[in-house]
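S.K.: Please read through the structure below; I'll follow up with questions.
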Amino acid sequence: AGMLFHSAYSPQTAVYHDLFSSRVRGPWDEGRLRGALRRVMARHAVLRTGLVLAGYSRPLQLVHREVAPPLAVEDLRGLDPAAQSARLESWLEGEKGRGFAEAQPPLFRVVVHRWSDEWFQLSLSFHHAILDGWSVATLLAELFIEYGNEGESGSPSLSAPGLRYRDFVALETAAVESAASAAYWEDLVVGRARTRLPRWPGFRRGGEPGRLGVEQVELGGVLAGSLSELARGLGVPLKSVLLAAHVRVLGWVTGQGEVLTGLVSNSRPEEEDGERVLGLFLNTVPLVAGVEEGTWSELIGAVFAQERAGLPHRRYPAGRLQRSHGGGEPLYETAFNYNHFHVYQGLDRSAALAVTDPRIFEQTNFVLMANF
């Protein structure tokens, strides 16, 4: 609901309209890809879901029994490489402005640009309200595995997960009704000073106001190894080390001794097949950290302990906190997100395809989103 709100509130932007695009080397067969997509859609209800906001006693996700695969193909083999690249860039930019009618599924599109007889570009365009990053990785892995397997005699199709997205909806509904979860987050945020990033008048790096600016930095070599070694030595996940760095930077740039930021949390069911269900299982919960005193090790331990303490309450929707305690301003305008999409390793099962050069576009309503 929050993502749909921000999409409607800023229709001139591509907020929560995500794009994933990769080059693929392998045999091309449009009918085969369409069949693979149809099987994946039959397996996962959210790919056949419309989001209906009016007409019922409350907003609902309505699952349709059958939805045609949203596949389009453009053959660019007759163009030179420069013209091909220009055509793809033009399509990507144009696609950001092509939204979705949320009540009418599917809320995603698959578009293929053929480069040659051996190479093609596969792009997935979708509304973030139906898929989180792990679900996108799972969807693409299943699609490529299905596409590769269809040409192999006797290769079984992937099985459907035992859980469904509605199982998560039931868990979130229970969290909404939990007085303990509401009280936990209220105790954490009520009375805290908001953390606001400084604004410099006239500063327009990257273009006009509202434009998305992306700065990508690779943490490799000795630094990456040292960070992992530090995490092991402290007995915490690497995520906690990076989260501590995030809040410390916020303290530096804001001058605050205590910062309040958002922590993107995974709310999937903790049951067998919970990792295989497609959908949106994200919640951005508040995290408070004192950064003025103490050592790095103490800060890392503190953010790790706070995340652990909030885990039983992580499905309580942040939007409810915002409505109750936001006072017309965001509770937090920054957020931290840590991903490890090892599900892509499943592509090794499809030797017929090579997937390379991934490109990602995503825009949130946060002023600063730190993705690791």
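S.K.: Does the stretch 70-92 contain any residue that is closer than 30 Å to PRO161 by Cα and aromatic (Phe, Trp, Tyr)? Steps first, answer last, please.
M.R.: Taking the stretch 70-92 and keeping what is closer than 30 Å to PRO161 by Cα, we get 70-73.
With aromatic (Phe, Trp, Tyr) added as a condition, the list becomes none.
Taking every residue of the stretch 70-92 in turn, none turns out to be closer than 30 Å to PRO161 by Cα and aromatic (Phe, Trp, Tyr).
Residue by residue, here is whether (1) modelled with pLDDT of 95 or more; (2) farther than 20 Å from PHE372 by Cα; (3) among the small types (Gly, Ala, Ser) holds:
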position	(1), (2), (3)
VAL241	yes, no, no
ALA244	yes, no, yes
LEU250	yes, no, no
LEU287	yes, no, no
GLY294	no, yes, yes
GLU298	yes, yes, no
ALA309	yes, yes, yes
GLY319	no, yes, yes
GLY326	no, yes, yes
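S.K.: Still on this structure, please answer the following. Here are some conditions: (1) under 18 Å from GLU186 (Cα atoms); (2) open to solvent by 20 Å² or more (accessible area, probe 1.4 Å); (3) touching a helix residue (DSSP H, G or I) at 6+ places or on another chain (Cβ under 8 Å). LEU311 meets all but one. Which one does it not meet?
M.R.: So the condition that LEU311 fails would be (3).
S.K.: Kindly indicate which of LEU242, LEU212, LEU234, LEU260 is touching a residue at least 24 places away in the same chain (Cβ under 8 Å) and over 25 Å from the mean Cα position of the chain (by Cα). Steps first, please.
M.R.: Values: LEU242 fails: over 25 Å from the mean Cα position of the chain (by Cα); LEU212 fails: over 25 Å from the mean Cα position of the chain (by Cα); LEU260 fails: over 25 Å from the mean Cα position of the chain (by Cα).
Being touching a residue at least 24 places away in the same chain (Cβ under 8 Å) and over 25 Å from the mean Cα position of the chain (by Cα) holds for just one of LEU242, LEU212, LEU234, LEU260, which is LEU234.
S.K.: Next question. Being at pLDDT 95 or above and surrounded by 15 or more Cβ atoms within 10 Å (Cβ to Cβ), is that true of even one residue in the stretch 338-350? Don't jump to the end; show me each part of the working.
M.R.: Of all residues in the stretch 338-350, those at pLDDT 95 or above come to 338.
Next, from what is left, pick out any that are surrounded by 15 or more Cβ atoms within 10 Å (Cβ to Cβ): 338.
Within the stretch 338-350, one or more residues are at pLDDT 95 or above and surrounded by 15 or more Cβ atoms within 10 Å (Cβ to Cβ).
S.K.: Let me ask another. Within the stretch 1-58, can you find the residues that are more than 19 Å from ASP75 (Cα to Cα), small (Gly, Ala, Ser) and open to solvent by 40 Å² or more (accessible area, probe 1.4 Å)?
M.R.: Result: ALA1, GLY2, ALA8, ALA42, ALA54, GLY55, SER57.
S.K.: A follow-up question, please. So ILE360 passes all but one of these: (1) under 28 Å from VAL46 (Cβ atoms); (2) β-branched (Val, Ile, Thr); (3) in contact with a Lys or Arg (Cβ under 9 Å, 6 or more places away or on another chain). Which condition number does it fail?
M.R.: (3)
S.K.: Go through (1) open to solvent by 60 Å² or more (accessible area, probe 1.4 Å); (2) free of Cβ contacts under 8 Å to residues at least 60 places away in the same chain one by one and return the number of the condition TRP119 breaks.
M.R.: Failed condition: (2).
S.K.: So, in the stretch 3-22, of the ones that are assigned to a loop (DSSP other than H, G, I, E, B) and of a type in the set (A, V, I, L, M, F, W, C), which residue ends up nearest to the chain's Cα centre (by Cα)? Before you say what the answer is, go through the steps one by one.
M.R.: First, the residues of the stretch 3-22 that are assigned to a loop (DSSP other than H, G, I, E, B): 10-16.
After this cut, where a residue has to be of a type in the set (A, V, I, L, M, F, W, C) as well, the list is 14-15.
Working: ALA14: 14, VAL15: 12 Å.
Step by step, filter the stretch 3-22, then rank; the result is VAL15.
S.K.: Name the residues in the stretch 154-199 that are farther than 26 Å from VAL259 by Cα and open to solvent by 70 Å² or more (accessible area, probe 1.4 Å), would you?
M.R.: Once the filter is applied, which keeps residues that are farther than 26 Å from VAL259 by Cα and open to solvent by 70 Å² or more (accessible area, probe 1.4 Å), the stretch 154-199 yields GLY154, PRO156, SER159, ARG164, ARG166, GLU177.
S.K.: Is it the case that some residue within the stretch 85-102 is open to solvent by 50 Å² or more (accessible area, probe 1.4 Å), within 27 Å of ALA141 (Cβ to Cβ), touching a residue at least 24 places away in the same chain (Cβ under 8 Å) and acidic (Asp, Glu)?
M.R.: yes
S.K.: Any idea which residue in the stretch 73-84 is nearest to PHE126 (Cα to Cα), counting only those that are surrounded by 12 or more Cβ atoms within 10 Å (Cβ to Cβ) and hydrophobic (A, V, I, L, M, F, W, C)?
M.R.: VAL73
S.K.: Hey, VAL249 hits all of (1) within 17 Å of ALA289 (Cα to Cα); (2) aliphatic (A, V, I, L, M); (3) open to solvent by 60 Å² or more (accessible area, probe 1.4 Å); (4) in a loop (DSSP other than H, G, I, E, B) but one; which does it fall short on?
M.R.: (4)
S.K.: Kindly provide the set of residues from the stretch 284-296 that are touching a Gly at 6+ places or on another chain (Cβ under 9 Å) and buried (at least 17 other Cβ atoms within 10 Å of the Cβ), ordered by number.
M.R.: Result: THR284, VAL285, PRO286, LEU287, ALA289, VAL291.
S.K.: Out of curiosity, is LEU139 open to solvent by less than 10 Å² (accessible area, probe 1.4 Å), of a type outside the set (D, E, K, R) and part of a helix (DSSP H, G or I)?
M.R.: When the stated conditions are applied, LEU139 passes them.
The values are calculated or read from the model by the stated rules, or taken from the named source; none is laboratory data. Computed from a predicted structure; not experimentally measured. Glycine also receives a Cβ, built like all others from the backbone with ideal geometry; neighbour counts cover every protein chain displayed. To get the accessible areas, we keep the full protein, side chains included, count just its heavy atoms, and leave off ligands, DNA and RNA. Shrake-Rupley method; radii C 1.70, N 1.55, O 1.52, S 1.80 Å.
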